[in-house]
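Presented below is the structure to which this report refers.
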Amino acid sequence: MKIFGIAGYKNSGKTGLTERLVAEFTARGLRVSTVKHTHHRVDLDKPGKDSHRHREAGAQEVLIVSENRWALLHELREDPEPPLETLLPKLSPVNLVLVEGYKSGPHPRIEAHRAETGKPFLADQDPTILAIASDTPSACPEGWVVFHLDDTGEIADFIAATLGL
């Protein structure tokens, strides 16, 4: 599986870019999965549901299965958050895994940047960032491969060329 990341600060356009890239690569005939990293507490289950009751009772993992999808909920309890390289083998084989977030790790990334956030560019401090996708390309630091944030096709071409897809 080929891995490519989308990095950036909150409200920089990461999720929108990831969503458009999934649609673009899928339209090109590739099988794509995503990994979304967040710093927020996330609970995909609802209190009162059977699966939630199983977890509350102490189950380490709960596998929820229906005719439409399945999901595996794994409780970390007191264990530390696992690194990305530990989680990737849990995915089914695909052509491309797009990773939103996970600012650490050796996989190549593109930085999503919106001027309105007022945040500095990550690219100057992160050697895994290969390009910048910005809503104001003219404001990007010199010496970088730069795309307009909404130029999904060009960004997808860059990622495909970089990964040899």
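Values as computed for the structure displayed
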{"item": "Size of charge dipole - region 57-107 - debye, nearest 20, with Cβ of Lys, Arg +1 and Asp, Glu -1, no other charges", "result": "160 debye"}
{"item": "Net charge over other residues, Cβ less than 14 angstrom from the Cβ of Ala156 (K, R count +1; D, E count -1)", "result": "-3"}
{"item": "Coil-residue trypsin sites (Lys or Arg not before Pro) of region 56-95, DSSP, other Cβ within 10 Å capped at 10", "result": "Arg69, Arg77"}
{"item": "Helix 14-27 axis, angle to the chain major axis (alpha carbon atoms, nearest 10°)", "result": "90 degrees"}
{"item": "Whole-number accessible area per residue in Å² for region 17-114, which is evaluated in the context of all protein chains at 1.4 Å", "result": "69 Å²"}
{"item": "Label zone at Lys46 (point 7 Å along Cα-to-Cβ), backbone N below 19 Å, region 53-77", "result": "53-57, 62-73"}
{"item": "The chain: calculated mean residue ellipticity at 222 nm from DSSP helix runs of at least 4, using -39500 (n - 2.57)", "result": "-6500 deg cm²/dmol"}
{"item": "Convex hull volume of region 74-140 per residue (C-alpha atoms, cubic angstrom)", "result": "140 Å³"}
{"item": "Gained length - Glu142 relative to Glu78, 0.36 nm times residue gap less alpha-carbon distance", "result": "18.6 nm"}
{"item": "With every protein chain in place, the chain: carbon and sulfur % of accessible area (1.4 Å)", "result": "52 percent"}
{"item": "Under-15-angstrom lysine pairs by C-alpha in the chain, whenever the two are 8 or more apart or on separate chains", "result": "9"}
{"item": "Sparsely packed GluC sites (Glu not before Pro) within region 111-165, loop by DSSP, other Cβ within 10 Å at most 13", "result": "Glu142"}
{"item": "Volume per residue of the C-alpha convex hull in region 13-165, rounded to whole Å³", "result": "150 Å³"}
{"item": "Total formal charge among the other residues, if their Cβ is under 10 angstrom from that of Ile3, Lys/Arg +1 and Asp/Glu -1", "result": "+1"}
{"item": "12 Å beta-carbon shell around Pro141, net charge (K/R +1, D/E -1)", "result": "-3"}
{"item": "Hydrodynamic radius of region 1-81 per Kirkwood, over alpha carbon pairs, in Å", "result": "15.6 Å"}
{"item": "Cut-off under 5 Å, modelled amide H: who pairs with Tyr102 long-range", "result": "His37"}
{"item": "Note, ³J(HN,Hα) from phi for region 103-112, Karplus 6.51, -1.76, 1.60, rounded to Hz, x at Gly and Pro", "result": "5, 9, x, x, 5, x, 9, 10, 8, 8"}
{"item": "Heavy atoms of Leu87: accessible area, 1.4 Å probe, square angstrom to 10", "result": "50 Å²"}
{"item": "Dipole magnitude (debye, nearest 20) for region 28-133, charges at Cβ of Lys, Arg, Asp, Glu", "result": "360 debye"}
{"item": "Calculated diffusion of region 110-165, Stokes-Einstein form, Kirkwood radius summed over Cα pairs, 20 °C and 1.002 mPa s, µm²/s", "result": "185 µm²/s"}
{"item": "Point-to-point label distance, Ala57-Thr117, nm (Cα→Cβ direction, 7 Å offset)", "result": "4.3 nm"}
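The values are calculated or read from the model by the stated rules, or taken from the named source; none is laboratory data. Since we're looking at a predicted model, the values are computed, not measured. Neighbour counts run over all protein chains shown; Cβ positions are idealised from the backbone, glycine included. For the accessible areas, the whole protein counts, side chains as well, though only heavy atoms, and no ligand, DNA or RNA atoms are used. Shrake-Rupley method; radii C 1.70, N 1.55, O 1.52, S 1.80 Å.
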